[in-house]
Amino acid sequence: MAAFTAMSPFGVEAEGIDLSQPLADAQFAELERAFYANHVLALRGQDLTARQFLAFARRLGPPQPHVIDQFHHPEDPDILVLSNVKENGRPTGLQDAGSYFHTDYSYLAVPARATTLYSRVVPKVGGDTLFADQQAAYDDLPAAMKRRIEPLLAIHHYGNRHDVDEASRTAASPLSAEQKAKMPLITHRVARPHPVTGRKALYAVSGSSFGIVGMPDDEARDLLNELAAHATQPKYQLRFRYGVGDVVVWDNAALLHSATLTDPQDARTLWRITVLEAAREAVAPQVLAPAFAGRPA
Ligand code: SIN
């Protein structure tokens, strides 16, 4: 069985687990309980093939390949390569992915349950991932704000509402016209119960939320910005520092997260697999339009 060490202010490290070996059901159940209780689960110093990494991630849910298909791992499209390394002048992975607070796949009707990163090359300086606890942020809201946001549905699409300049390192990674055409405009509750534990959290109030159903745009942006400023305060944040071989798994229904900008010359490479919630667990998603075209600016 694993030994667990708490991180601060949340998150947990599990020791004594070798993910290159198949996990017994009891071992996996123990990890899964720790994951839902702590939002971030780290298993340090692993040595994995793509197939072994996938075998672990598939225990958490069905993987969903990222829309940016040019950086899928050559062995399996369920793995997205995140990297700033260039070979012969060509990028080997997606650089600066998610360098703003967001929730993975919150722009899909059935969003992400968990994301797992496997750290392959660690930069000399930085390269950390920040997490912000959205259950704690929700709990701390004044009662009047909880009542105000309870009925609200946020309108989501791929992108970062805080930075829509595609040339910027803190915008969402740009999509081709073909990739944009695959992206829906959908809604999720602003105060969203966790699909497994039922505990309420602020859901993706930073990143992909661009409006609120039935609310004038200015008012909706002001409210989302107020919630995002509250939800990303340092007191809700965990900074995760990688070593080579570290696997980290996070709960997208309970957290916002952000990559931190790294010197483009300081190599950083991770493999990423994102698994979806079960369709029956996704809480009140509503598809507003079939395609990205015509979305709010
Ligand atoms: C992501 O948002 O999936 C990337 C996080 C990171 O590279 O630190």
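The values are calculated or read from the model by the stated rules, or taken from the named source; none is laboratory data. Please read all numbers here as calculations on a predicted model, not as lab measurements. We place every Cβ from the backbone using ideal geometry, glycine too, and count neighbours over all the protein chains shown. Just the protein is used for accessible areas: all its heavy atoms, side chains included, with ligands, DNA and RNA removed. Shrake-Rupley method; radii C 1.70, N 1.55, O 1.52, S 1.80 Å.
Observations, loosely collected:
- Cross-chain or 6+ apart pairs with Cβ under 7 Å, the stretch 1-21 first and without any contact (Cβ under 8 Å) to a residue 40 or more places away in the chain, then open to solvent by 70 Å² or more (accessible area, probe 1.4 Å) and of a type in the set (A, V, I, L, M): Val12/Ala6
- Only one entry of Ala171, Ala137, Ala154 meets the criterion of being surrounded by 20 or more Cβ atoms within 10 Å (Cβ to Cβ), among the hydrophobic types (A, V, I, L, M, F, W, C) and within 19 Å of Gly211 (Cβ to Cβ), and that entry is Ala154.
Yes or no, residue by residue, for (1) at pLDDT 95 or above; (2) part of a loop (DSSP other than H, G, I, E, B); (3) closer than 21 Å to Thr187 by Cα:
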residue	(1), (2), (3)
Gln70	yes, no, no
Pro77	yes, no, no
Leu82	yes, no, no
Asp96	no, yes, no
Tyr105	yes, yes, yes
Ala109	no, yes, yes
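- Residues that are among the polar types (S, T, N, Q) and touching a Lys or Arg at 6+ places or on another chain (Cβ under 8 Å) occur in the stretch 132-147; there is at least one.
- Restricting attention to the stretch 7-36, the residues being open to solvent by 70 Å² or more (accessible area, probe 1.4 Å), part of a helix (DSSP H, G or I) and farther than 17 Å from Val196 by Cβ number 1.
- Residues of the stretch 236-269 satisfying the condition of being outside any loop (DSSP other than H, G, I, E, B) and out of contact with any Asp or Glu (no Cβ under 9 Å at 6 or more places or on another chain): Val247, Val248, Val249, Asp251, Ser258, Thr269
- Restricting the stretch 92-110 to residues that are out of contact with any Ser or Thr (no Cβ under 6 Å at 6 or more places or on another chain) and more than 13 Å from the ligand (Cβ to nearest atom), the residue that is nearest to Ser206 (Cα to Cα): Leu108
- So Arg199, is it away from the ligand (no atom under 13 Å from the Cβ), touching a residue at least 24 places away in the same chain (Cβ under 8 Å), of a type in the set (D, E, K, R) and surrounded by 22 or more Cβ atoms within 10 Å (Cβ to Cβ): no
- Subset of the stretch 64-91 that is open to solvent by 30 Å² or more (accessible area, probe 1.4 Å), touching a residue at least 40 places away in the same chain (Cβ under 8 Å) and closer than 14 Å to Arg272 by Cβ - its residue that is nearest to the ligand (Cβ to nearest atom): Gln64
- Residue in the stretch 208-228 that is closer than 26 Å to Arg33 by Cα, open to solvent by less than 30 Å² (accessible area, probe 1.4 Å) and touching a residue at least 12 places away in the same chain (Cβ under 8 Å) present: no
- Applying the criterion of at least 3 residues that are at pLDDT 95 or above and within 14 Å of the ligand (Cβ to nearest atom) to the strands (runs of 3 or more DSSP E) found wholly in the stretch 111-165 leaves 112-121, 129-133.
- Selection status of Leu60, under 30 Å from Tyr236 (Cβ atoms) and away from the ligand (no atom under 12 Å from the Cβ): yes
- His39 meets the conditions (1) crowded, with 17+ Cβ neighbours inside 10 Å; (2) over 18 Å from the mean Cα position of the chain (by Cα) in every case but one. The failed one is (2).
- Of the residues screened, Ala55 is one that is open to solvent by 10 Å² or more (accessible area, probe 1.4 Å) and either not basic (Lys, Arg) or not in a strand (DSSP E or B) (or both).
- Any hit, the stretch 176-183, residues being surrounded by fewer than 18 Cβ atoms within 10 Å (Cβ to Cβ) and basic (Lys, Arg): yes
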